1. What single numbered condition from (1) out of contact with any strand residue (DSSP E or B) (no Cβ under 6 Å at 6 or more places or on another chain); (2) among the small types (Gly, Ala, Ser); (3) within 28 Å of residue A:87 (Cα to Cα) fails to hold for residue A:219?
2. Taking segment B:34-63, which residues are surrounded by fewer than 23 Cβ atoms within 10 Å (Cβ to Cβ) and within 14 Å of chain C (Cβ to nearest Cβ)?
3. Pull up segment B:88-142, narrow it to residues that are more than 10 Å from chain C (Cβ to nearest Cβ) and part of a loop (DSSP other than H, G, I, E, B), then point me to the one that is surrounded by the most Cβ atoms within 10 Å (Cβ to Cβ).
4. Which of (1) surrounded by fewer than 24 Cβ atoms within 10 Å (Cβ to Cβ); (2) under 26 Å from residue B:76 (Cβ atoms) does residue C:165 not meet, given it meets every other one?
5. Within the group C:86, C:140, C:93, which residue is out of contact with any Leu (no Cβ under 9 Å at 6 or more places or on another chain) and over 28 Å from residue C:325 (Cβ atoms)?
6. List, please: which pairs have Cβ atoms under 6 Å, are six or more places apart or on different chains, and start with a residue in segment C:69-81 that is facing chain B (nearest Cβ under 7 Å) and end with one that is of a type in the set (A, V, I, L, M) and part of a loop (DSSP other than H, G, I, E, B)?
7. Report yes if residue B:208 is surrounded by fewer than 24 Cβ atoms within 10 Å (Cβ to Cβ) and under 27 Å from residue A:268 (Cβ atoms), otherwise no.
8. Here are some residues: B:297, B:331. Which one is aliphatic (A, V, I, L, M), touching a strand residue (DSSP E or B) at 6+ places or on another chain (Cβ under 7 Å), farther than 30 Å from residue B:44 by Cα and surrounded by fewer than 24 Cβ atoms within 10 Å (Cβ to Cβ)?
4 protein chains.
Amino acid sequence: MTQLPARARDLGVVPGEFPTGPLNAITDVPGVRVGQVTVREGSDLRTGVTAIVPDRLPLPANLFVGNGYGKLVGATQLVELGEIETPILLTGTLSAFRAADALVSYMLAQPGNEEVISINPVVGETNDGYLSDVRSRPITEAHVLDALHSATTGPVAEGAVGAGTGTTALGFKAGIGTSSRQVVLGDGRSFTVGVLAQANFGGVLQVLGQTVDARQVLAGLPESEDTEQGNSCMIITATDGPLDARQLGRVARRAVFGMARVGANYSHGSGDYGIAFSTRSGEPVGEGNLDPVFFAVQEAVEEALLNSLFMAETTTGYCGRIRYAVPHDLVRR
Amino acid sequence: MTQLPARARDLGVVPGEFPTGPLNAITDVPGVRVGQVTVREGSDLRTGVTAIVPDRLPLPANLFVGNGYGKLVGATQLVELGEIETPILLTGTLSAFRAADALVSYMLAQPGNEEVISINPVVGETNDGYLSDVRSRPITEAHVLDALHSATTGPVAEGAVGAGTGTTALGFKAGIGTSSRQVVLGDGRSFTVGVLAQANFGGVLQVLGQTVDARQVLAGLPESEDTEQGNSCMIITATDGPLDARQLGRVARRAVFGMARVGANYSHGSGDYGIAFSTRSGEPVGEGNLDPVFFAVQEAVEEALLNSLFMAETTTGYCGRIRYAVPHDLVRR
Amino acid sequence: MTQLPARARDLGVVPGEFPTGPLNAITDVPGVRVGQVTVREGSDLRTGVTAIVPDRLPLPANLFVGNGYGKLVGATQLVELGEIETPILLTGTLSAFRAADALVSYMLAQPGNEEVISINPVVGETNDGYLSDVRSRPITEAHVLDALHSATTGPVAEGAVGAGTGTTALGFKAGIGTSSRQVVLGDGRSFTVGVLAQANFGGVLQVLGQTVDARQVLAGLPESEDTEQGNSCMIITATDGPLDARQLGRVARRAVFGMARVGANYSHGSGDYGIAFSTRSGEPVGEGNLDPVFFAVQEAVEEALLNSLFMAETTTGYCGRIRYAVPHDLVRR
Amino acid sequence: MTQLPARARDLGVVPGEFPTGPLNAITDVPGVRVGQVTVREGSDLRTGVTAIVPDRLPLPANLFVGNGYGKLVGATQLVELGEIETPILLTGTLSAFRAADALVSYMLAQPGNEEVISINPVVGETNDGYLSDVRSRPITEAHVLDALHSATTGPVAEGAVGAGTGTTALGFKAGIGTSSRQVVLGDGRSFTVGVLAQANFGGVLQVLGQTVDARQVLAGLPESEDTEQGNSCMIITATDGPLDARQLGRVARRAVFGMARVGANYSHGSGDYGIAFSTRSGEPVGEGNLDPVFFAVQEAVEEALLNSLFMAETTTGYCGRIRYAVPHDLVRR
């Protein structure tokens, strides 16, 4: 099962109808950078940090809690004020609070913030405790600052990197995935919708309607039990469409709805969250013009989740546990 | 394209893994009856009423608003008190308020209710205005009382009947569909989960992963435009598992998530709602035991929506518009 | 206890610090009209309709459900789209659905609406069943159309009129009350905030901190029992400040919070709702500039509720029950 | 203005009608302990930690976000599962994340938790940045563990202690306050309702209806500006009544509503939250029996907030700023 990582489109898997942006990544949205730090130490640690860093803040934003069994930091202020005032971090469950504290450090140190005494760090997490020793809370301030400071435009590393280093989806090794779509609204304006997902949930993989059941595919392989467990999914959507916070809430909902397209089962143990933000103010988007955005985000989520799987490599971790990559031969078209 | 209505299983389409109840219908849940009145008059009216009637009331219940672009009556009290205190009615958009008023009449006339001065009628609706003249608000008190009084256990009529007489889903004629699942919890207890859906939404039909695109299937047929529009979906879930209102909210969410399995696109114009209720009190279900219920409801929604399509017959209505049935040959296995 | 109705300020009761608008009424907000129909028939009916009619629609709006034990029609779409697309009606509990249906009739008949097939009528209600025979559902389409068509700018009738004809608050006869405030934001712009309340809730009356306990004041009077029961409160806030839907939600919350200022006890049986809308778009109001609006709405709610009491006259109704007016001598300053 | 701290009742200020528990404190609820650590260092730090520690966990719980402008940690899981699984911590704004991380440490170390890999720490905060250097994030794991391990039944320290060391309410020095009520339900069962508040909000103090305006009272005193600013209020309610999560949500709402009784103005900058939990399962409380609980919590909040003020001593802190105690002579009865 040795194979090179590949994006969905490289395997001929092309979800949906909208064109992608140039990079097919959340960084296609102007003003959005991504930085990641991967923590792989010995056999115990398979974790990391992924930072989504807008060029300017605050920005309009909203949240959908599909299943609130998670430790998302920053939820109530994000919803009340309809904005993010910090970059968004993703990491492993029990490290979320250290990451939030580090994000506060980062914000306090920003030029112009010398008098700031209120910061609402936004940190999402999923539980990478199958492959990583989460109880050790390995994420340090240095990791977080490294992720933030290294954030760049351009291609985004996918698979078992950053906050996806230790995650699992649909019984296979997953991780970070990204995708984008270009939409043209009824009023003629065109925008980009970009998605970045930390995939870590249960169900049976569906690839453009084809079932790839990990229980069957992996049958007999060592350490291949527990393939269907779900441990949360964080989906970040960015757009340069001037949507307001209420509209971004509608987008965030559809991001979580889109998980079903790859076979997510929305299990009790999977805290599934969508956060959406807009990088641009301007002439508001009429409600009747939102459908292209709604459809595009579902497509981009589907592809981002597939990328998070197909780009991930078989990983051995904590206690010798193994998560296997999806065999590309089963999905190539 | 003349064909007899058929349920999904009759066509070899078997979604999911859980066994169904004996009828594969919401009426498999003990204490749940369904009554329907179909209003087909001349070429203008293709509408009706579907009533889900529990044997006793109030019952624990909750609501998920996937997309609130709808006129659901009774939402705030249902959520506040975590219960339904009336049967649930489904009908066409602009008739929802007359139906609610008629449901009040029904409740006031119930034995023992002589002193009641507060009633919270629950009425869902979807817009059947493509095939029916909704502006005429054709639903009368007599229709509603007829639906309520005729409610029975046993098989449930599906397709273009009751509140589904004029509805459309995924570009094809749809209507009312139902399905059920039997689940065994981790604690050994077994329950039934039953779903009834009023299907009326956009997207591209997926049948167990196979795409059946109405734009292609119906290309060239008269009056086959506008096939992807969405005009709301109401999904009612009943269970005899003793779930409390909070847990039923989690179930209702997954009912709406389940729409994606058949290709729903969650468009702006489609008010998508899930209502879930329990018929039984008893030893509470531990949160960690809910997964079978969560998975079963998604399966049952998938099958109920397919039933609503495969049981519907091609229908001509208002202004000569036509909605075509899904050709069974395309989906038979 | 014969006394002429008087507004709070006529009795020397001046809540808060902001100046009122010219009329001290919701109609101080440009573009907002109010129409009311009072239904007093025989000894059984003490009810009516109050219509808040904006000059143009739709308008940004939001809702806060302080206690959802009520039958508010139109909640989910109002929240989803962040707007009202019809006037707002207030009436008695069981008549809410007939009123909603009549409001649909009104909207369908508006010029330009000939093709409209979706309308989200917004109808609030409180239970006037102590003084009126609510089971008879006396509100007709004619009543509703009369209230809508008679809506005017100018002073608003208060006390036992319209939807307040049969209501009670804090043990005394209450009804409709209104008030307004003029606010100047930090950015120098000035706006009006207007409130109209249908008062019908429990607690012990507080007038600028002075307790006026109905149990003591009315002790020994015939039919003066049950003075503390609560049967819901609807508070409508209008502003010409260009607040968006999210911000209006924050305003609506504070309207309900303001009920405490007159002694509301937020009982189980009192469905307490705030709806806020804005008549104007324009340069958005920065979040840090909202405090004057937040404070003003609480003041205006306090005064509107006092007006609803002090303007109400002792009323005898259904089954010979009596609700007594607040004796002005006890509150005059 | 030298005066000894005094509780409201010691000054003759007795809000409401329900009897208090023996201690008039949240610790009157069996199974609830409180531990506090006060951090007063040099002139810069006036902060601390207050821990509400139930004897067993998890417990049914819910949350009301009156104004989400705060950094409450743990919100989404608390609401989703309707429970708290850790003690509740209160502290200063920017220290919330270090406190959450320390609470994770505490939980991981509990006997029986050796395999636990998911913990949802609940940490509320208010901004004590006027009197304390919040940017230094002074709260350490040792502080948190000290607060948790020192938690006891018995009287609760009030005023400028623990998380209230640096807080302000209504223009005066405030801090931690507590109170309790004993309620008898319609079904004859009696329960205790206990409240603990971290008071830190704006408005004009009302003491049983009497206005005590800090702007006037403190006029001319040094460093007495900015008296009305609000920086959040956390209100924790505990009860041994077997309320479920949904009902506890209704209680939490009324806790926030109760803030108005002392003159809170619910300003933009004040993140006002209520968390309610129950220590006991048992025969559920019928919805119609909840009113005594609803009324009692409002009374207890009123008294807890007054205690937080009257027990606080004039405090000089960061940058030489001063918050003055309420002069008892002005409120004594």
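The values are calculated or read from the model by the stated rules, or taken from the named source; none is laboratory data. Worth saying up front: this structure is predicted, and the values here are computed from it rather than measured. Don't worry about glycine lacking a Cβ; one is built from the backbone with ideal geometry, like all the others, and counts go over all protein chains shown. Surface areas here come from the heavy atoms of the whole protein model, side chains and all, with no ligands, DNA or RNA. Shrake-Rupley method; radii C 1.70, N 1.55, O 1.52, S 1.80 Å.
1. (3)
2. Scanning segment B:34-63 gives B:44, B:58.
3. B:139
4. (1)
5. Only one candidate qualifies: C:140.
6. Close Cβ pairs satisfying both conditions: C:76/B:72.
7. The answer is yes for residue B:208.
8. Numbers: B:297 fails: surrounded by fewer than 24 Cβ atoms within 10 Å (Cβ to Cβ).
When all the criteria are applied, what remains is B:331.
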